[in-house]
Amino acid sequence: MSEVSYVRTEMLPEREPPATTIGVIGWMRENLFSGWFNTALTIVSLTFVVMLLNAILPWIFSPTWYATSLGECRDILRGMGREGHYPGACWGVIRDRWVQLLFGFYPSELYWRPIMAFLLLGVALAPVLFSDRVPRKLLWFSAVYPFLFPWLLWGGPIWGPLMVIAGFVIGWFVYRAADKRAGGLAGIIAGVLAAVIWWLLVSGYVIDGVSAVLPIGIEAVQSRNFGGFMLSVTIGVVAIACSLPIGVVLALGRQSDLLIVKALCVGFIEFIRGVPLITLLFVASTLLNIFMPPGTNFDIILRVIIMATLFASAYMAEVIRGGLAALPQGQYEGADSLGLDYWQAQRLVIMPQALKISIPGIVSTFIGLFKDTTLVSIIGLLDPLGLSNSIRADAAWNGIVWEIYGFIALLFFAFCFAMSRYSMYLERKLNTGHH
Amino acid sequence: MSELAMGREVDRSKMTVSDEVAVEITNMNKWFGTFHVLRDINLTVQRGERIVIAGPSGSGKSTLIRCINALEEHQQGRIVVDGTVLSSDLKNIDKIRSEVGMVFQHFNLFPHLTILENCTLAPIWVRKTPKREAEETAMHFLEKVKIPEQADKYPGQLSGGQQQRVAIARSLCMRPRIMLFDEPTSALDPEMIKEVLDTMIQLAEEGMTMLCVTHEMGFARQVANRVIFMDQGQIVEQNEPEEFFNNPQSERTKLFLSQILGH
């Protein structure tokens with residue numbers, strides 16, 4: 001037998017890893033105290049955290065919930081022997097004004113309507129967000145909800161939302177009829193045209209006529225009474241819901257072989273991305289009226305929603321384009337070789353994967369858009385930031401800063417954090433292994 | 001090369017070539033920009049033929065079979081597939097693609113769908129087959145490629161050889177009359193080449209019309225009834241496998257064969 005010859009006669013059994021590498025001790029060794037430099041860093045940062053909490057916590061725990069003015073807050077704190085520049089928070093302002101920060105000047109006897117609208121929003125989103133846990137039948141409610149939502153918030157005769165739905169139905173039937181005679185694209189154009197004509201020219205008279213006969217409806221609320229966090233969520237939710245599909249279309253358009261479609265999409269994306277949102281909002285609030293026929297009253301919140309949607313969809317298009325670019329060419333070829341046509345390939349093969357890749361970017365855009373809704377305070381809408389100014393203008397609360405901003409920040413954080421966690425859940429759910 | 005891959009005798013009873021023409025390519029030319037990739041290609045494939053296309057890399061062999069289902073557009077000449085002239089009309093292209101199956105080097109399975117969904121996607125959406133029926137067909141072909149137990153897994157959970165067999169099953173679910181193979185074993189570990197070749201041999205035994213771009217000369221010897229050698233975008237030599245390997249005519253072919261069989 002030669003020197004290199006070796007034959008294993010029995011296989012080795014599996015053994016436990018060493019105790020110092022698993023469990024709490026293992027984790028701490030690995031993450032906090034691996035080497036003298038990391039140990040030093042751990043101690044320094046722990047000290048920093050403790051000092052920070054030491055400074056903030058006493059400020060937060062301040063028994064001023066029932067104070068009715070800033071002066072009273074100071075008296076309470078002085079009575080406890082706490083003095084100085086920031087002796088403690090004055091939470092009375094939140095108790096006094098939290099309802100206003102949530103609803104603005106919405107009539108208080110009608111608060112049930114926005115509350116209902118947002119509760120139902122949850123119901124409508126459930127089958128979309130958690131498709132594997134919620135019965136699919138609920139999707140019907142999701143489809144109706146976009147018409148229910150504005151009606152609950154703005155009120156008015158029930159015929160308004162019904163006529164909008166009628167527009168879609170009319171468009172659908174015209175599309176079906178034209179599609180048979182003239183084919184795909186002509187059918188789509190005819191359908192869209194019919195719906196638009198219905199909405200802009202006809203539906204107004206129909207609503208007036210039917211309302212005169214059957215005045216069914218709920219009390220109307222003017223846009224200028226909207227405000228607070230409700231306004232932010234309204235703008236945010238609508239703009240988020242609309243910007244994703246528009247973004248998908250723009251991203252596909254940008255990749256299109258059709259020169260004019262491509263040029264339009266690129267032009268739109270580059271223009272919108274090149275302009276600050278605040279400019280677009282100013283255009284919405286002032287300039288747009290100049291171009292409108294005199295006497296038209298185009299709702300200010302609607303204008304802002306449109307601008308925010310356009311702004312977000314341009315970013316969305318680029319995020320999705322990134323996802324499309326990350327897909328290997330083989331996926332397109334695989335779909336093509338099976339005989340799927342362009343739209344089938346996009347819908348069944350390309351988009352599900354491209355959107356999955358883009359989830360982090362899409363959600364970042366959503367979160368950015370939601371926070372950008374605070375910019376509407378600059379054009380005079382009373383979102384939470386706009387309201388904070390008027391609250392501070394009140395003699396009782398003049399001088400308060402951190403408490404209101406902290407409260408607003410907390411509201412926004414809750415929403416944004418929820419979106420962020422949902423996106424991580426979704427990524428885990430859609431993960432189907434490598435490749 | 002894996003001539004070892006053939007572990008059994010090939011059953012030739014159904015490997016019959018009929019007079020019917022499956023694919024006819026006449027005077028076809030193709031350019032990538034200014035680069036002339038395919039030059040004056042003339043090729044007639046009878047139904048039931050098993051053709052292996054060999055040649056050095058960059059010789060245009062993949063491009064040639066990709067032209068047959070219009071994954072690449074040709075600029076001159078005429079391609080007739082199954083009686084349909086290939087034009088730039090999209091409906092016409094989709095029709096041809098649904099009749100011609102294709103298997104790729106990198107499988108190109110859809111990673112977000114299960115194996116079963118990969119196989120039923122095109123039958124359901126292109127052929128409008130009811131879901132249940134499409135699933136039965138899919139299971140039939142998954143059994144044929146010997147992986148029915150993987151039906152509910154995702155492609156990322158399968159080995160390369162298994163993925164390629166799924167890709168073959170996925171194509172077969174559309175009941176194609178012609179199958180194109182674009183280097184189906186080139187991305188596989190040596191251990192997995194055999195299982196894919198076995199599936200392809202099985203397909204040939206059932207009389208499928210096949211065009212295979214491959215470097216598996218063992219497969220060519222045993223299964224093909226014609227070997228085509230391409231170089232610089234042209235068909236340099238074609239012959240029956242026995243003659244092609246034992247008695248190559250052109251210098252270029254001799255050099256190529258000595259390089260791939262020489263060790």
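Condition first: at pLDDT below 95 and either surrounded by 17 or more Cβ atoms within 10 Å (Cβ to Cβ) or outside the structural domain of residue A:377 (by TED's automatic domain parsing) (or both). Can you find one or more residues in the stretch A:287-299 that meet it? Give the steps one after another, and end with the answer.
Kept after step one, since they are at pLDDT below 95, are these residues of the stretch A:287-299: A:287-299.
Filter once more, keeping what is either surrounded by 17 or more Cβ atoms within 10 Å (Cβ to Cβ) or outside the structural domain of residue A:377 (by TED's automatic domain parsing) (or both): none.
Looking through the stretch A:287-299, none of the residues is at pLDDT below 95 and either surrounded by 17 or more Cβ atoms within 10 Å (Cβ to Cβ) or outside the structural domain of residue A:377 (by TED's automatic domain parsing) (or both).
Look through B:135, B:149, B:195 and report the one residue that is out of contact with any helix residue (DSSP H, G or I) (no Cβ under 7 Å at 6 or more places or on another chain) and of a type outside the set (S, T, N, Q). Please lay out each step first, then the result.
Values: B:135 fails: out of contact with any helix residue (DSSP H, G or I) (no Cβ under 7 Å at 6 or more places or on another chain); B:195 fails: out of contact with any helix residue (DSSP H, G or I) (no Cβ under 7 Å at 6 or more places or on another chain).
Exactly one residue qualifies, and that residue is B:149.
Can we say residue A:143 is under 21 Å from the mean Cα position of the chain (by Cα), crowded, with 17+ Cβ neighbours inside 10 Å, outside any loop (DSSP other than H, G, I, E, B) and not assigned by TED's automatic domain parsing to the domain that holds residue A:242? Judged against the criteria, residue A:143 is not a match. The set of residues in the stretch B:160-185 that are facing chain A (nearest Cβ under 9 Å), under 30 Å from residue B:20 (Cα atoms) and outside any loop (DSSP other than H, G, I, E, B) comprises B:167, B:170, B:171, B:180.
Just to be sure, is residue B:150 within 8 Å of chain A (Cβ to nearest Cβ) and over 23 Å from residue A:342 (Cα atoms)? Before the answer, list the steps.
Numbers: within 8 Å of chain A (Cβ to nearest Cβ): no; over 23 Å from residue A:342 (Cα atoms): yes.
Spelling it out, it is not the case that residue B:150 is within 8 Å of chain A (Cβ to nearest Cβ) and over 23 Å from residue A:342 (Cα atoms).
I'm checking my understanding of the structure. Among residues of the stretch A:353-373 that are β-branched (Val, Ile, Thr) and buried (at least 18 other Cβ atoms within 10 Å of the Cβ), which one is nearest to the other protein chains (Cβ to nearest Cβ)? That would be A:357.
Note on the stretch A:1-79: enclosed helices (runs of 4 or more DSSP H) holding 3 or more residues that are farther than 30 Å from residue A:404 by Cβ, among the polar types (S, T, N, Q) and without any contact (Cβ under 8 Å) to a residue 24 or more places away in the chain are A:36-60.
Looking across the stretch B:97-130 at every residue that is more than 12 Å from residue A:338 (Cβ to Cβ) and in a helix (DSSP H, G or I), the one that is farthest from the other protein chains (Cβ to nearest Cβ) is identified as B:116. Looking only at the stretch B:223-237, residues that are assigned to a loop (DSSP other than H, G, I, E, B) and under 12 Å from residue B:64 (Cβ atoms) come to 1 in all. Among the candidates A:98, A:151, A:172, the residue that is farther than 27 Å from residue A:412 by Cα and either among the basic types (Lys, Arg) or assigned to a helix (DSSP H, G or I) (or both) is uniquely A:172. Residue B:157 meets the conditions (1) within 14 Å of another protein chain (Cβ to nearest Cβ); (2) surrounded by fewer than 24 Cβ atoms within 10 Å (Cβ to Cβ); (3) touching a helix residue (DSSP H, G or I) at 6+ places or on another chain (Cβ under 6 Å) in every case but one. The failed one is (3). Within the stretch A:406-427, the set of residues being more than 16 Å from the chain's Cα centre (by Cα) and within 14 Å of chain B (Cβ to nearest Cβ) comprises just one member, A:427. Taken over the stretch A:300-352, residues that are of a type in the set (Gly, Ala, Ser), within 10 Å of chain B (Cβ to nearest Cβ) and surrounded by fewer than 17 Cβ atoms within 10 Å (Cβ to Cβ) amount to 1.
So which of A:249, A:202, A:213 ends up being under 28 Å from the mean Cα position of the chain (by Cα), surrounded by fewer than 20 Cβ atoms within 10 Å (Cβ to Cβ) and over 30 Å from residue A:101 (Cβ atoms)?
Values: A:202 fails: under 28 Å from the mean Cα position of the chain (by Cα); A:213 fails: under 28 Å from the mean Cα position of the chain (by Cα).
Of the residues listed, the single one that is under 28 Å from the mean Cα position of the chain (by Cα), surrounded by fewer than 20 Cβ atoms within 10 Å (Cβ to Cβ) and over 30 Å from residue A:101 (Cβ atoms) is A:249.
Can you find even one residue in the stretch A:197-208 that is in a helix (DSSP H, G or I), of a type in the set (Ser, Thr, Tyr) and modelled with pLDDT of 90 or more? So that I can check it myself, show each step before the final result.
So the first thing to find is which residues in the stretch A:197-208 are in a helix (DSSP H, G or I), and the list is A:197-208.
Next, from what is left, pick out any that are of a type in the set (Ser, Thr, Tyr): A:203, A:205.
Checking which are modelled with pLDDT of 90 or more leaves us with none.
No, the stretch A:197-208 contains no residue that is in a helix (DSSP H, G or I), of a type in the set (Ser, Thr, Tyr) and modelled with pLDDT of 90 or more.
The values are calculated or read from the model by the stated rules, or taken from the named source; none is laboratory data. Because the structure is a prediction, the values reported are computed rather than measured. Note that each Cβ is placed from the backbone with ideal geometry, even for glycine, and that neighbours are counted across all protein chains shown.
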